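Take a look at the structure set out below.
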Amino acid sequence: MRLGSGCDECKILMERYHADLRVYIDATVVLDDSVFGLKFDKAWADATRARQRFEQAREEVNRHIADHGST
């Protein structure tokens with residue numbers, strides 16, 4: 001998704017979406033490096049929370065676009 005010339009709210013939602021995506025990607029890298037025990041469990045929980053935040057941000061962007069048109 002790219003930032004367009006649309007409304008300020010959409011730009012904020014897109015920036016949050018991209019930030020949450022970056023956190024999710026970083027969390028999966030840590031997860032990939034954490035193979036055993038408590039380190040893995042923590043990395044899994046962190047990656048799960050990051051994925052949930054990313055999915056929520058994506059839904060908010062999609063909902064805004066559906067309600068108000070393109071970005």
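Taken together, the values in this text are just the output of simple stated rules run on the coordinates, not laboratory data. Just so you know, these numbers come straight off a predicted model, no measurement behind them. For neighbour counting, all protein chains shown are included, and Cβ atoms are generated from backbone atoms with ideal geometry for every residue, glycine included.
Before moving on, here are some points about what is shown:
- Relative contact order (%) - criterion: Cα under 8 Å, at least six apart; region: the chain: 46 percent
- Virtual spin-label span in nm between ARG63 and THR28, 7 Å along Cα→Cβ: 2.4 nm
- Axis angle, to the nearest 10 degrees, between helix 8-33 and the longest C-alpha principal axis of the chain: 20 degrees.
- Helical mean residue ellipticity (222 nm; -39500 (n - 2.57) per DSSP H run of 4+; nearest 500) of the chain: -29500 deg cm²/dmol
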